[in-house]
Each structure stands twice: as structure tokens, then as C-alpha cells.
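Following: one structure in C-alpha cells, then a few remarks.
The values are calculated or read from the model by the stated rules, or taken from the named source; none is laboratory data. Computed from a predicted structure; not experimentally measured. We place every Cβ from the backbone using ideal geometry, glycine too, and count neighbours over all the protein chains shown.
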Amino acid sequence: MPDLLTMSGVVIRRGRNTVLDDFHLDLKNGEVVVLVGENGCGKSTVIEACAGLIDLEKGSIKTAKTIIRDSEGRHGRPESPFGLCLQSDCIMGDELVKERIDDVAGLCGKSIDSQALLEQWNLGHRSQDRVASLSKGQRRKIAVLSGVLPSAITDSPTVILLDEPDAGLDEDSVSRLSGLIRDIADGGHGILIASHNSQIIACADRIVTFDDSVIESAPSDGVAWKIKSKPAKKARIGNRLDRRTLGSLSQNIIPGMLVIGALLALSDPTQFDSRMRIGAILAPALAAGLSGDPISSRLTESRSSDWWRSMSAIPPNALLHVLISSALLTTLACTLFGKLEYNLIFAGAVVAMITASVILILHQATLRLSRPSALMIRLLTPALILPWAILVDRLA
Amino acid sequence: MGDSGRQIGIVLLLPRFMRDLGTLLLMSGFAGAGLTLWLGLVWAPSVSIDAFEAPIAQKIFYWHVPSAWAAMIAFTLLFVGSLAWFVKRKEWGWNLHVASAEASLAFGLMAVWSGCIWGAAEWGVPWDWTDVRLNTFALLTLLAIFLVLGRRSQPDGIETRDTFATFGIYGFILVPTTYLATRFWQIRHPGPVVATSEGSLNSDMGMVLTLGAISFTLLVIGHTICGIRLTKMESRLIEIQDIIDKEGI
């Protein structure tokens with residue numbers, strides 16, 4: 001039987017240093033491998049590389065059927081979604097506790113009784129709360145649960161990647177987690193953990209240190225962990241989040257309204273020629289689009305974007321709401337500037353949608369940097385004014 | 001001296017030669033650019049007052065066109081450097097990327113700024129959002145600002161280099177787009193005026209323009225060579241700091 005996960009000859013450079021040099025690791029079904037070593041030795045790098053978050057200089061990372069990432073630039077996702085818990089909690093503060101668990105199940109194409117699971121972890125009473133209102137330890141529990149849940153609901157063997165899952169958990173929770181790790185392994189899944197905690201290390205079948213030594217161990221058996229689930233469709237997470245937080249109202253509609261207000265205050269619409277009128281009608285949509293997707297800024301919270309990038313090809317977004325709000329803005333502009341036409345409303349909605357999508361792509365392209373927020377990515381947005389201006393010219 | 005001795009001599013003398021060459025080219029370029037400006041303003045014949053709205057402002061042409069030409073060379077070097085780093089992981093590729101991004105910014109701003117002044121006099125507006133060449137060239141300049149400021153905002157490392165090299169590679173698509181723009185969309189910018197079958201440029205004007213193009217070419221190459229030297233020194237300084245950190249001095 002092929003290994004569940006194989007890292008061969010992996011070389012990874014981060015910043016100016018080579019963190020992993022010709023690193024090899026394999027993970028078999030039902031095996032718990034714990035990475036042990038001092039801070040900075042490369043434990044988190046191994047976990048993040050296996051999650052497909054880091055580019056490889058050399059070597060490859062593969063599951064039985066898929067290349068997760070290789071030095072040629074090929075990348076993919078495993079057949080059954082893996083479980084992932086990074087050092088950061090990777091949860092947006094506006095997500096509800098129950099929603100988060102349901103979304104993880106949804107990524108596996110399943111729905112579960114998440115309330116019952118939360119009760120078991122003493123979080124039942126917080127199921128309808130926003131994650132931002134939880135304590136650090138409670139947030140960590142949710143992050144760990146999100147990481148291990150795929151193993152309980154998928155039918156095929158799954159890779160579970162946990163980076164210091166015990167950090168911030170109390171004694172009881174660590175004991176519960178260490179028991180759960182053995183139960184997951186007993187279900188035939190492979191678990192790769194980076195940890196310093198002795199209880200977690202005691203669960204290992206193999207302990208890998210970063211001085212080229214491997215320690216074989218014989219931990220106690222567990223009982224396969226399984227949660228009842230039924231097939232379900234993936235939820236539109238970004239749109240749902242945006243509906244609750246009204247992000248597109250503040251991020252897209254308000255700038256568009258300000259543009260309309262400024263145009264009305266500084267000019268007389270009755271004096272507009274055809275080109276100026278079309279420009280005034282489509283300007284709010286451009287402003288709404290240039291303001292970007294309302295969810296992307298939320299995804300920067302505690303590395304949520306990394307978690308989603310690893311789990312899903314398309315990260316949560318509310319581009320549909322940008323489309324709708326721009327159509328409304330353009331309708332309002334059409335009414336105020338005296339030219340109500342359906343093709344203009346359609347053009348406004350599409351302009352905003354495309355503009356916001358391009359900004360989202362630019363934002364995603366810079367996430368690998370160590371300080372993406374310090375980057376002036378907005379400097380490149382005038383690229384979006386040229387197509388808008390040409391469209392205005394053509395429509396006029 | 002044997003072959004190996006000669007090779008060692010070349011290796012030792014090459015940096016000094018490049019330093020001297022860079023300075024020499026930079027100085028020659030400055031002198032030529034100054035001469036071009038003087039000839040353009042004082043000696044070159046004036047254009048027909050019927051052909052231009054603002055014939056006097058046309059003199060900006062001798063600064064505007066060579067600086068745009070030099071910017072295009074710098075953007076091409078940026079592409080080559082980015083590609084060499086991204087594909088082959090060549091250290092000289094990254095040094096070339098950094099130096100040519102700075103040169104692109106300098107010459108790009110010269111071309112955009114002089115163009116705005118000329119446009120304000122000739123067209124009545126400094127900017128037209130529908131003119132493709134104007135906008136694609138401005139985008140190239142914005143890309144250069146992004147690369148220069150962005151690099152300074154990030155610690156040096158493989159992630160930083162890969163990300164900016166990617167922008168350098170994809171951004172190059174704007175160079176042929178800018179070059180070909182007036183052939184497909186002639187909105188404000190005129191079509192080609194040099195080396196066309198119409199031969200629309202006076203020979204004295206052509207001579208000053210050629211002098212400008214050569215001077216600005218020397219200037220951009222000299223600027224890039226000096227920039228590469230500075231980037232290498234910057235890297236060396238970081239390495240020395242790392243050594244001091246490790247030794248705990």
C-alpha cells in the first residue's frame with residue numbers, strides 16, 4: 001500500500017535561510033508522526049509545506065495519487081480534503097462557532113450535528129457566538145476541531161496536519177486531544193504533528209527530530225473516531241459572512257455614494273454631454289470595484305487566508321454582493337444623471353465585479369510576502385481605469 | 001603568467017572595470033543629455049506653426065522621447081533580471097532586477113512628467129484616460145514605483161524576490177503593448193515619426209533626437225551598472241551583519 005503522504009528530497013528556503021535541506025518523510029495509514037525540535041528548526045515549515053502553502057526549491061510532496069507541490073511548480077489538492085491546524089488559529093473573527101464547524105464539514109461535502117460535537121468540547125453554549133468573542137483557549141479548541149474533523153467524516157484515509165495544537169489549551173483539553181489523536185490513527189488516518197508537549201509526543205508511532213534521527217515508539221491503541229454525517233453542498237461562505245457583517249455596504253456602496261455626492265455637488269448634470277453623462281453614471285461602479293472584495297481584508301485575520309488557500313481552490317469572497325451593490329449604485333446614478341438604461345446598469349455591475357476580482361487576484365499574489373500589508377498594491381489599480389475609460393468612450 | 005593566473009587577474013579586475021565603466025557611461029550619458037537639451041532648445045529648427053497647437057512646447061520632444069526610450073530599455077532589463085532570478089535563481093538576475101527597477105522609475109517619471117507638460121500645452125489637457133499609450137506607459141511607471149517601494153517594505157528573502165520577479169515578468173507585457181499602442185489605437189499620441197516611409201522628421205531634428213537616444217541609452221546602462229554595484233554592496237552589508245549577529249559581537 002502506498003504511503004499516505006511522501007516528502008522526497010525537499011529543499012525549502014525562507015527569507016535568506018535554507019530551512020529544510022534534502023528532507024525526506026513518509027506518513028503511513030494509521031500512523032502518528034511527531035516532529036520534535038527547538039524553535040526555528042523547521043517543524044512548522046514541514047507542516048505548511050505538506051499543506052501546499054510553501055514553494056519548494058527542490059523535491060516533491062505527494063499523496064498516493066496527487067502531487068501536492070513540487071519544485072517544477074506543479075501543485076494540487078488531495079483526493080479527500082486533509083485536516084489542517086496551523087500555529088495561528090486561522091479563523092476570521094466574524095465567523096460563528098457553529099458555522100465554522102459546519103463549513104469544515106461542508107468542505108468535505110458532508111453535514112454533521114455540529115452542536116453535539118461542540119457540547120463534547122464544552123463549547124455548546126458558545127455555538128452561536130462570533131469567534132472574535134471567544135477566549136484564546138476556546139478559539140484554539142475550535143481551530144483544533146477544524147483540523148481533526150475531516151478524519152471523522154471522510155470515508156477514505158485522510159492526512160491530518162497539526163502545528164502545535166496544544167498551544168493555549170488547558171490540561172484537560174490536551175489530554176482529550178492526545179486520546180483523540182490515537183482514535184484518529186486507529187481509524188486508518190495519518191497524522192503529522194509538530195509539538196513540544198510530552199502528552200502529544202507520547203501518542204507518536206514515530207518521533208522525527210531534526211538532527212536526522214528517528215525514534216520508533218509503541219503507544220497505546222485508540223478507538224476509531226467517527227461522526228455521523230450526510231452528504232451536503234458547499235456553502236457560499238463569503239456571501240453569508242458579508243450578509244451578516246454588511247461589509248459590502250461600508251466597503252463598496254459608501255465609496256460609490258460618495259462619488260455620486262461629489263459629482264452632484266461639483267457639477268450640473270443637465271449640462272453634461274453624452275460622454276460626461278456615461279462617465280458620471282459608471283464612476284460609482286468603478287469606485288465600488290476599486291474598493292475591493294469586502295471579505296479579503298477579513299481573511300488577513302490570524303492567517304485565515306492561508307488556511308483557506310490550502311483547503312479550497314477559491315477562497316471565500318463576496319464578489320456576488322459587489323455585483324449586486326454596483327448594479328444598485330448604477331441604477332441610482334442613472335436616475336440622478338437622467339439616463340436610465342439597462343445596458344448601463346449591466347455595464348456598471350460588470351465593471352465593478354471585474355475590478356474587484358482583479359484587486360482580489362493582486363491581493364492573493366502578494367500573500368506569500370512576509371509583510372503583505374506593508375505593500376502598496378493599490379499603486380497598480382490605475383490599470384483598471386483605462387478599460388473603464390474606453391468602455392465609457394464606446395458607450396457614449 | 002599562466003592561464004589560471006590570468007583568470008584570477010580577470011576576476012579581480014572585473015568589478016573595478018565594471019565600476020569604472022558604470023561611472024564612465026553615467027557621466028557620458030549626463031553630458032550627452034545636457035547637450036541634447038541645449039541643442040533641442042537652442043539649435044534645432046522649430047516646427048511649422050500650422051502643424052502644432054503649441055509649437056514652442058514641441059521642444060520637450062527632445063527630452064520626452066529619449067527618456068521614454070531609456071525607460072523601455074530599463075523595463076526590458078527588468079524583465080531579463082526577473083526571469084534570470086525566477087527561472088535560474090541567478091544572483092545577478094536579482095541584482096539586475098533591483099537596479100533596473102530603479103532606472104525604470106527614474107526614466108519612466110521623466111517621460112510621464114514631460115509628457116504631461118507637453119500634453120497640457122498641445123492637447124489642452126495633461127492627461128487622457130482613453131489614450132492607450134499614455135496609460136500603459138504610466139502603468140509601467142507605477143509598476144516601477146510598486147517594485148522599488150515594495151522591495152523596501154519587505155525583508156530580503158526568497159519570497160520577496162519571487163513575488164517581485166513575478167510582477168517584473170508579467171509587467172513586461174505592457175512594453176510591447178505600449179510600443180504598438182499607437183499603431184492600433186491612435187487617440188492622442190501620434191503614430192511613428194522616425195524611420196517611417198513618410199520620413200516626416202527634419203534631418204537636424206533627427207540628429208538631435210538620435211544624440212538624445214544615444215545619451216539616454218548610455219545614461220540608463222550606466223545607471224543600471226552603478227545600481228547593480230550598490231545592490232551587491234547592500235547584500236554584502238546584510239551578510240556581514242548576519243556574521244556579526246552569529247558571533248554575538
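If you take the residues in the range A:1-22 that are surrounded by fewer than 22 Cβ atoms within 10 Å (Cβ to Cβ) and away from every other protein chain (no Cβ under 13 Å), which one is nearest to B:E159 (Cα to Cα)?
This residue is A:D21.
Filter the range B:100-136 for residues that are within 11 Å of another protein chain (Cβ to nearest Cβ), of a type outside the set (A, V, I, L, M) and in a helix (DSSP H, G or I) and give the result.
B:R133, B:N135, B:T136
In the range A:306-324, what count of residues is obtained for those that are over 21 Å from A:A287 (Cβ atoms) and in contact with a Lys or Arg (Cβ under 9 Å, 6 or more places away or on another chain)? First the steps, then the outcome.
Just the residues of the range A:306-324 that are over 21 Å from A:A287 (Cβ atoms), to begin with: A:306-316.
With in contact with a Lys or Arg (Cβ under 9 Å, 6 or more places away or on another chain) added as a condition, the list becomes A:310-313, A:315-316.
Qualifying residue count, the range A:306-324: 6.
Which numbered condition in (1) free of Cβ contacts under 8 Å to residues at least 24 places away in the same chain; (2) buried (at least 18 other Cβ atoms within 10 Å of the Cβ) is the only one that A:G73 fails?
(2)
Checking A:I160 against (1) aliphatic (A, V, I, L, M); (2) closer than 19 Å to A:D3 by Cα; (3) touching a Cys at 6+ places or on another chain (Cβ under 8 Å), which single condition isn't satisfied?
Condition not satisfied by A:I160: (3).
Can you tell me which residues in the range A:260-273 are assigned to a helix (DSSP H, G or I) and of a type outside the set (S, T, Y)?
The answer is A:I260, A:G261, A:A262, A:L263, A:L264, A:A265, A:L266, A:P269, A:Q271.
If only one of A:M257, A:M276 is in contact with a Pro (Cβ under 8 Å, 6 or more places away or on another chain), assigned to a helix (DSSP H, G or I) and more than 30 Å from A:Q115 (Cβ to Cβ), which one is it?
A:M257
Inside the range A:78-99, can you point out the residues that are over 14 Å from the mean Cα position of the chain (by Cα) and either of a type in the set (K, R) or in a strand (DSSP E or B) (or both)?
The answer is A:L96, A:K98.
Quick test of your reading of the structure: A:S312 fulfils all but one of (1) of a type outside the set (A, V, I, L, M, F, W, C); (2) under 17 Å from A:L263 (Cβ atoms); (3) under 22 Å from the mean Cα position of the chain (by Cα). Name the failing condition by number.
(2)
Quick check: is even one residue across the range A:55-63 in a helix (DSSP H, G or I) and of a type outside the set (S, T, N, Q)?
no
For the range B:5-60, which positions are of a type in the set (S, T, Y) and at pLDDT below 70? Spell out the reasoning first.
Keep residues of the range B:5-60 that are of a type in the set (S, T, Y), which gives B:23, B:28, B:36, B:46, B:48.
The one that is of a type in the set (S, T, Y) and at pLDDT below 70: B:S48.
Out of the residues in the range A:285-309 that are part of a loop (DSSP other than H, G, I, E, B) and small (G, A, S), state the one that is farthest from the chain's Cα centre (by Cα).
Restricting to residues being part of a loop (DSSP other than H, G, I, E, B) and small (G, A, S), the top hit is A:S291.
Name the residue, out of A:L249, A:L241, that is over 22 Å from the mean Cα position of the chain (by Cα) and at pLDDT 90 or above.
A:L249
Scan the range A:335-345 and tell me whether some residue there is under 21 Å from A:L263 (Cα atoms), of a type in the set (V, I, T) and surrounded by 23 or more Cβ atoms within 10 Å (Cβ to Cβ).
No, because not a single residue in the range A:335-345 is under 21 Å from A:L263 (Cα atoms), of a type in the set (V, I, T) and surrounded by 23 or more Cβ atoms within 10 Å (Cβ to Cβ).
Would you please list the contacts, defined by Cβ atoms under 6 Å and residues six or more apart or on different chains, that run from a residue in the range B:84-96 that is hydrophobic (A, V, I, L, M, F, W, C) to a residue that is surrounded by fewer than 19 Cβ atoms within 10 Å (Cβ to Cβ)?
Between residues of the range B:84-96 that are hydrophobic (A, V, I, L, M, F, W, C) and residues that are surrounded by fewer than 19 Cβ atoms within 10 Å (Cβ to Cβ), the close pairs are B:A84/B:K90.
Among the residues of the range B:150-161, which ones are part of a helix (DSSP H, G or I) and facing chain A (nearest Cβ under 7 Å)?
The answer is B:G150, B:S153, B:I158, B:E159, B:T160.
Anything in the range A:212-266 that is among the charged types (D, E, K, R) and touching a residue at least 24 places away in the same chain (Cβ under 8 Å)? List them, or say none.
Correct list: A:D221, A:K226, A:K228, A:K230, A:K233, A:K234, A:R236, A:R240, A:D242, A:R243, A:R244.
Sort out which residues of the range A:201-235 are surrounded by 15 or more Cβ atoms within 10 Å (Cβ to Cβ), not hydrophobic (A, V, I, L, M, F, W, C) and not in a strand (DSSP E or B), and write them in order of number.
A:D205, A:P219, A:G222
Only one of A:S114, A:S80, A:S88, A:S60 is free of Cβ contacts under 8 Å to residues at least 40 places away in the same chain and hydroxyl-bearing (S, T, Y). Can you tell me which?
On the way: A:S80 fails: free of Cβ contacts under 8 Å to residues at least 40 places away in the same chain; A:S88 fails: free of Cβ contacts under 8 Å to residues at least 40 places away in the same chain; A:S60 fails: free of Cβ contacts under 8 Å to residues at least 40 places away in the same chain.
Going through A:S114, A:S80, A:S88, A:S60 in turn, the sole match is A:S114.
What do you reckon, is B:I221 over 25 Å from A:L380 (Cα atoms) and either modelled with pLDDT of 90 or more or surrounded by 21 or more Cβ atoms within 10 Å (Cβ to Cβ) (or both)?
Numbers: over 25 Å from A:L380 (Cα atoms): yes; either modelled with pLDDT of 90 or more or surrounded by 21 or more Cβ atoms within 10 Å (Cβ to Cβ) (or both): yes.
Considered against the rule, which asks whether it is over 25 Å from A:L380 (Cα atoms) and either modelled with pLDDT of 90 or more or surrounded by 21 or more Cβ atoms within 10 Å (Cβ to Cβ) (or both), B:I221 comes out as yes.
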